[in-house]
Structures are given as C-alpha cells and as structure tokens.
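Peer 1: Handing you this structure, nothing more for now.
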Amino acid sequence: ELPAILERVAKRGRALVSARVVVIELRSGDELELAAGAGELPPNLLGQRVALHNTVASAALRSGVSQRLTDRLNRARFEQHGLGHLGLRAEDGLIVPLLFRDQSYGVLVALDSLDGGGFSDEDVQLLEAFAASAATAVATARSAADERRRQRLAASEAERARWARELHDETLQALGSLRLLLAGARRSGDPET
C-alpha cells in the first residue's frame, strides 16, 4: 500500500542524509499533497495540500533538477507558498523531484542536515538516486492500485451481466408458462377458465 511505502521512504531518506526532517509531497493535479514525513514535523502537517504553482517543488519538477533552499528565490518560494507557509522552519534544504519514465510524481524534501554543515554534493547524489527508487515504488503502487480498481470493476460488470441474464431467463420462462396456461384455457372453450 502506498502510505506504508511512503512512510518507509521518508524514514530511510531521513537516515540516509541525516536530515532533521524529510517530507514527501505527491503531485495531485495542480496541488501537492503532503503524503508522508519523518522527523520533527508540526502537528497536522501530513495530509494537507498546497498549490503547486510558485513552489520550490514546481521548479524541481519543471526542470527535473534538485533545488536547494540556499537559493534566494527558492527560499522565498518555500516561505511563501510551500512548507514554510505551513509552519515548517528550515535553515537548509534539498528538494528532489520524484521522476519515473518522464512522469513526475512529486518531490522528496530534506530539511536541515543534523551534521550541521549543510547538505553536501554527495548528499544530493544519494537523495537523487534514492528519489529515483522512491518514484519507481510510487509508480508501481499506483499502477497496482489502478489494476485492482480495474479488476473490481470487471468483476462488478460480470456480476451485473450474470444477474441480467438470470432475470432475463426467469422472466422469459415465466412469460412462456403464462402463455401456455392462457393457450390451454382458450382451447377449453369455457369463458370462465
């Protein structure tokens, strides 16, 4: 199930780069859903949605390149439209796109290295490789969920068709027996019958 996968990804991503916080934001149309997280998160943060427009995540998804919060424009986007707007504070951060087969699924956000020195280039490479695996997991989980939905729909359609056939057959049998009964009564010549 996708929520369990995302929770595991957030915890392992946080441990991988020694981040204070890791949040996974999944794309849902023109919004980002804060789907999972690990670390020092404000209460009720997960499950919230933010508009994708003008966020650091939109820049990462559009360019396909990881973004740093040390960039002034990214810092402003983070504070005004992203997680900073929702009460999550950070000195440093990496926003890594979750891309699989040219499809964007969201971003992995790592905030504040616990080592105190900020995120290194090696941390960026580690998170990018990790995000690629995470995007594959998200794509697979969504594909499996879509397949389960298709199977349930096909089963429902088959059941409806079976019921329709039974109803059709029963109705035809009842009408046929009624026709025979009326034909027999007509031949008797008795108006009462």
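The values are calculated or read from the model by the stated rules, or taken from the named source; none is laboratory data. No experiment lies behind these values; they were computed from the predicted model shown. Methodologically, a virtual Cβ is constructed for each residue, glycine included, from the backbone with ideal geometry; neighbour enumeration extends over all protein chains shown. Surface accessibility is based on the protein's heavy atoms, side chains included, excluding ligands, DNA and RNA. Shrake-Rupley method; radii C 1.70, N 1.55, O 1.52, S 1.80 Å.
Peer 1: Rounded, prolate or oblate for the range 1-112? Axes are the square roots of the Cα gyration tensor eigenvalues, ordered a ≥ b ≥ c, and the cut-off for rounded is a/c under 1.5.
Peer 2: Values: a/c = 1.26, a/b = 1.06, b/c = 1.19.
Here the range 1-112 falls in the rounded category.
Peer 1: Kindly write out, for the range 167-176 in residue order, the coupling ³J(HN,Hα) from the Karplus curve 6.51 cos²θ - 1.76 cosθ + 1.60 (θ = phi - 60°), rounded to whole Hz, with x marking Gly and Pro.
Peer 2: Along the range 167-176, the couplings run 5, 4, 4, 5, 5, 5, 5, 5, 5, x Hz.
Peer 1: Further, regarding this structure: Restricting to Cα pairs below 8 Å that are 6+ residues apart, what does the relative contact order work out to for the range 34-119? Please round to a whole percent. Could the numbers behind the result be given before it?
Peer 2: On the way: 121 pairs, mean separation 21.3, N = 86.
Relative contact order comes out at 25 percent.
Peer 1: Using a 1.4 angstrom probe on the protein heavy atoms only, line up Glu166, Glu192, Glu33 by accessible area, largest first. Present the calculation step by step, with values, prior to reporting the outcome.
Peer 2: Details: Glu166 80, Glu192 165, Glu33 60 Å².
Ranking Glu166, Glu192, Glu33 by accessible area, largest first, yields Glu192, Glu166, Glu33.
Peer 1: In whole percent, and with a 1.4 Å probe on the protein chains, what portion of the accessible area of the chain is carbon and sulfur? Intermediate values should be presented prior to the final figure.
Peer 2: Values: 6050 of 11730 Å².
Percent of accessible area from carbon and sulfur atoms in the chain: 52.
Peer 1: Compute the relative contact order of the chain as a whole-number percentage, counting only Cα pairs closer than 8 Å that sit 6 or more residues apart in sequence.
Peer 2: Working: 277 pairs, mean separation 37.5, N = 193.
Reported relative contact order: 19 percent.
Peer 1: Go through the range 107-123 residue by residue and turn each phi into a ³J(HN,Hα) via Karplus (6.51, -1.76, 1.60, θ = phi - 60°); whole Hz please, and just put x for glycine and proline.
Peer 2: 9, 10, 10, 10, 10, 6, 5, 6, 6, x, x, x, 7, 7, 4, 5, 4
Peer 1: Here is a follow-up. Enumerate the amide H contacts of Gly37 below 5 Å, restricted to partners 5 or more residues apart or on another chain; note that Pro and chain-start residues carry no placed amide H.
Peer 2: For Gly37, whose amide H was placed from the backbone, the distant partners under 5 Å are Ile24.
Peer 1: In whole percent, what relative contact order does the range 84-131 give with Cα contacts below 8 Å and a gap of six or more residues? All intermediate terms of the calculation are to be shown ahead of the outcome.
Peer 2: Values: 52 pairs, mean separation 17.4, N = 48.
Reported as a whole number, the value is 36 percent.
Peer 1: Just the number please: accessible area per residue for the range 90-189, 1.4 Å probe, all protein chains included, in Å².
Peer 2: 67
Peer 1: Any chance you could run the full-extension gain for Glu122 through Asp30? It's 0.36 nm times the residue separation minus the Cα-Cα distance, nm to one decimal. Spell out each step's value before the answer.
Peer 2: Numbers: separation 92, 0.36 × 92 = 33.12 nm, distance 3.14 nm.
Extending this stretch completely gives an extra 30.0 nm.
Peer 1: Arrange the residues Asp169, Asp121 by how much accessible surface each exposes, largest first, with a 1.4 angstrom probe. Before the final figure, lay out each step's value.
Peer 2: Details: Asp169 80, Asp121 115 Å².
Result of the area sort, largest leading: Asp121, Asp169.
Peer 1: Among residues other than Arg162 whose Cβ falls under 14 Å from its Cβ, what is the net charge (Lys/Arg +1, Asp/Glu -1)? Before the final figure, lay out the partial values.
Peer 2: Working: positive: Arg160, Arg165; negative: Glu157, Glu159, Glu166, Asp169, Glu170.
My count for the surroundings of Arg162 gives -3.
Peer 1: Specify the inter-centroid distance of the range 2-70 and the range 106-125, based on alpha-carbon positions, in whole Å.
Peer 2: 13
Peer 1: For Cα extents along the principal axes in Å, the listed values are [x] 47, 47, 33; [y] 106, 30, 28; [z] 51, 35, 33; which was obtained by calculation from the structure presented?
Peer 2: After the calculation, the listed value that fits is [y].
Peer 1: To continue, here is another question. Could you give the length gained on full extension between Ala76 and Arg152, defined as 0.36 nm per residue of separation minus the Cα-Cα distance, in nm?
Peer 2: Values: separation 76, 0.36 × 76 = 27.36 nm, distance 4.56 nm.
Difference between extended and current length: 22.8 nm.
Peer 1: Near Ser28, within a Cβ-to-Cβ distance under 12 Å, what is the net charge of the other residues, with Lys and Arg +1 and Asp and Glu -1? Could the numbers behind the result be given before it?
Peer 2: Working: positive: Arg27, Arg49, Arg142; negative: Glu25, Asp30, Glu31, Glu33.
Once positives and negatives cancel, what remains is -1.
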